[in-house]
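The values are calculated or read from the model by the stated rules, or taken from the named source; none is laboratory data. Because the structure is predicted, anything quoted here is derived from the model rather than measured. When we count neighbours, we look across all protein chains shown, and the Cβ atoms used for this are built from the backbone with ideal geometry, even at glycine. Only protein heavy atoms, including side chains, enter the accessible area calculation; ligands, DNA and RNA are left aside. Shrake-Rupley method; radii C 1.70, N 1.55, O 1.52, S 1.80 Å.
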Amino acid sequence: MNIEKNISLKHLNTFGIDVSAKYFSSFRTADDLAALLDSHTHNTLILGGGSNILFTKNIDGLVLKNEIEGIDKIGEDEDHVYIKAGAGENWHQFVLYCLDNDYAGIENLALIPGSVGASPMQNIGAYGVEIKDRFHSLDAFHIEDKKAVSFNKNECAFGYRESVFKNKFKNQFVITSVTYKLNKRPVYNVSYGAIQQELDAMKIKDYSIKAIAQAVINIRSSKLPDPKQIGNAGSFFKNPETDAALFEVLHEKFPAIVGYKLDNGKVKLAAGWLIEQCGWKGYRKGDAGCHVKQALVLVNYGNAKGQEIYDLSSEILQSVYDKFGVMLEREVNII
Ligand SMILES: Cc1cc2nc3c(=O)[nH]c(=O)nc-3n(C[C@H](O)[C@H](O)[C@H](O)COP(=O)(O)OP(=O)(O)OC[C@H]3O[C@@H](n4cnc5c(N)ncnc54)[C@H](O)[C@@H]3O)c2cc1C
């Protein structure tokens, strides 16, 4: 375990922000991680695929890239298989592995960038499925106590793009593996977004998890900017929730407003629509911008500084608040 000095992180974050880490290393086992943490007293930042991070400054500490590999079936019952994956496994490759082995339940989450270990961090979700729906448990390492700990689903306190690791226990644990509870018999979820439409276009009549994953891949590829072409971290903001009364007022004023009624009585608004109405879609200042097709996605056209993208996000927050009285929240982790 070699600790390198002054390493550029430009190619280790999907925004492509050029900051450096004072110290940098990677680990392939929990033991390596423990040794690295033992040998170093600096602040530590755990990095997966860097697809949900905006770096606004150089890191004056130790950046540790999680490269723990391995996928194992560790149990099964009549209806489920329990699949444990190393936190450093690539998420989409893990989805493909599950498709090949007929493990159902995460096909709607195909093509989300990043690592297995980050999947519980913000309870990744897309096309009507969240990871909490397929989560069984995870193993983590407490950075300060230097102890291995397991978390079950309740202990993770999953919410919409939230978990205990993103707030209460922020920066306290390194997730080393995640165990998912997947279905032996698929329960297809095609009601969300344009999945059914895409399956029709693909002329698929008999559903399969592979066909659904392919439909999701096709839709995502046509809608979302590929970080290899243009730096971004997917949705920059969360979709905000408002109470029903405010939604009624907004609906009267802005009849085209997009809102989904939730079970808790609140209404979830489409942040992208709100941002678009404020005129930001396609906006560019220097190399920082708001994507031409997806107002929810902020982009780096090449050499933007993280601070410039952050400042743009603040301007967007303010203008949405001024127009609609709704305060957006950033989904991306600002470092
Ligand atoms: C084009 C694009 C589309 C996207 N679409 C979606 C989507 O549909 N749904 C969705 O939910 N997200 C989406 N995202 C966001 C992102 O892919 C996910 O949040 C993903 O889970 C981040 O994984 P990562 O390994 O890249 O995490 P990183 O960006 O490396 O890290 C994110 C945060 O988690 C911490 N962290 C990472 N790994 C660990 C670990 N093992 N232990 C402890 N802390 C850790 C980091 O310190 C950081 O705070 C998208 C991103 C892009 C670029």
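Things worth noting here:
- Residue within segment 95-102 that is of a type outside the set (A, V, I, L, M), open to solvent by less than 20 Å² (accessible area, probe 1.4 Å) and within 21 Å of R185 (Cβ to Cβ) present: yes
- Being in a helix (DSSP H, G or I), away from the ligand (no atom under 13 Å from the Cβ) and open to solvent by 30 Å² or more (accessible area, probe 1.4 Å) holds for only one residue in D32, D60, and it is D32.
- Leading residue by the ranking (surrounded by the fewest Cβ atoms within 10 Å (Cβ to Cβ)) among those in segment 7-25 that are over 21 Å from the mean Cα position of the chain (by Cα) and among the small types (G, A, S): S8
- Filter result for I275 (closer than 22 Å to K166 by Cα and among the β-branched types (V, I, T)): no
- Selected residue (criterion: most open to solvent (accessible area, probe 1.4 Å)) from residues of segment 210-228 that are under 14 Å from L111 (Cβ atoms) and in contact with a helix residue (DSSP H, G or I) (Cβ under 8 Å, 6 or more places away or on another chain): K210
- Flag if H136 is within 10 Å of the ligand (Cβ to nearest atom), surrounded by fewer than 19 Cβ atoms within 10 Å (Cβ to Cβ) and not in a loop (DSSP other than H, G, I, E, B): no
- Counted residues, segment 297-335 - those being aliphatic (A, V, I, L, M), assigned to a loop (DSSP other than H, G, I, E, B) and open to solvent by 20 Å² or more (accessible area, probe 1.4 Å): 2
- One residue stands out in segment 11-21 among those that are within 14 Å of the ligand (Cβ to nearest atom) and not hydrophobic (A, V, I, L, M, F, W, C): the one that is farthest from V297 (Cα to Cα), namely H11.
- Matching entry among G289, G282, G265 (being free of Cβ contacts under 8 Å to residues at least 60 places away in the same chain, touching an Asp or Glu at 6+ places or on another chain (Cβ under 8 Å), not in a helix (DSSP H, G or I) and not aliphatic (A, V, I, L, M)): G265
- Subset of segment 229-253 [closer than 21 Å to R161 by Cβ, open to solvent by less than 80 Å² (accessible area, probe 1.4 Å) and in a loop (DSSP other than H, G, I, E, B)]: F236, K238, N239, P240
- Checking each residue in segment 156-183 for being surrounded by 14 or more Cβ atoms within 10 Å (Cβ to Cβ) and among the charged types (D, E, K, R) picks out R161, E162, K166, K181.
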